1. Checking the structure you have, find out if any residue of the range B:78-96 is without any contact (Cβ under 8 Å) to a residue 12 or more places away in the chain and more than 8 Å from chain A (Cβ to nearest Cβ).
2. Go through the range B:115-126 and report how many residues are free of Cβ contacts under 8 Å to residues at least 60 places away in the same chain and surrounded by fewer than 23 Cβ atoms within 10 Å (Cβ to Cβ).
3. Here is a list of conditions, (1) closer than 16 Å to residue B:248 by Cα; (2) free of Cβ contacts under 8 Å to residues at least 12 places away in the same chain, and residue B:161 meets all of them except one; can you say which number that is?
């Protein structure tokens, strides 16, 4: 019994090492290369005015690329990919809260025109819409 | 699997874990795991706790910047043309170089953390110092940009006379044609300076902390299982990088490509 426990104890020490995942350098280099490619795509996409296709086309492309870049940094440089579910939850909570703040507050601003008939002109100096 | 094996230690051992703590005392109990603080059961729990604490802090950082991003969104929706005109006064070339510098500093920080995990002291210090040089270069380039804005009269509150300057008559006429008031462009610059200013403040704090970590690291403070502080500082550094990943396209790249910046000259 005691021997058994000792063997398990040793295994447990090893598993601590394994749980503390050391990301190989090659992963970091590949992520950095991807970030550079995405930076070039960002610049390239910004060189064209795509608003004739759809008004917010440029901003959507720019933000999509930014989100992918941020995800790469969070998952690999910040090791979230190799972290516990609880860490995923903490990291995700920030963006859920941001989404709540943006959606509810913007819903207020966007709906003012409907309710007051004054539009965004209620903000000082705003153009008449 | 790791957890299962570990649980079996608690169950299979002749004495439960808690009794062992009480009986042997902390010093003896943990001398095989040098970095373990006495109030944690094992390294895994300690790491998890520290990582979660850091992430809780980073969430508050994201929410703080989130408020500014919200203000940006609201006023961009309202004063889109003014944003385009303001953005054309930024220098895309310098902004792009700074984006590269900051992304590269994230890589060097990742290498430093990797070196700390493997206990390579010299490599750790080298890459922390490279990270600091890159961070300082970012701030230097930012200072050059702000200096240009100041000379052109585009800093609200300090030097805001660009749109009173007769040299810029053509652009002032263009503003009027697009139904944009100088105050709308001022709003863009207020948001620009708040966001880049708060970001730069985080860079200054980051540089200071990385400097302290490099100094302590040179004395071997982060060896033998004590490397986690380096990882946590890395998390902070990467977060500041992520903020910039969003700031760059939002502030510099709106309304088409304008490499030189400083329009009206």
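1. Checked the range B:78-96: at least one residue is without any contact (Cβ under 8 Å) to a residue 12 or more places away in the chain and more than 8 Å from chain A (Cβ to nearest Cβ).
2. Residues flagged as free of Cβ contacts under 8 Å to residues at least 60 places away in the same chain and surrounded by fewer than 23 Cβ atoms within 10 Å (Cβ to Cβ) within the range B:115-126 amount to 5.
3. Of (1) closer than 16 Å to residue B:248 by Cα; (2) free of Cβ contacts under 8 Å to residues at least 12 places away in the same chain, only one is false for residue B:161: (1).
Residue-wise test of (1) modelled with pLDDT under 90; (2) on the phi < 0 side of the Ramachandran plot; (3) more than 8 Å from chain B (Cβ to nearest Cβ).
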| residue | (1), (2), (3) |
| --- | --- |
| A:51 | yes, yes, yes |
| A:54 | yes, yes, yes |
| A:60 | yes, yes, yes |
| A:63 | no, yes, no |
| A:81 | yes, yes, yes |
| A:96 | no, yes, yes |
| A:105 | no, yes, no |
| A:114 | yes, yes, yes |
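The values are calculated or read from the model by the stated rules, or taken from the named source; none is laboratory data. Note that the structure is a prediction, hence the values are computed from the model and not measured. Every residue, glycine among them, receives a Cβ derived from its backbone with ideal geometry; neighbour counts consider all protein chains shown.
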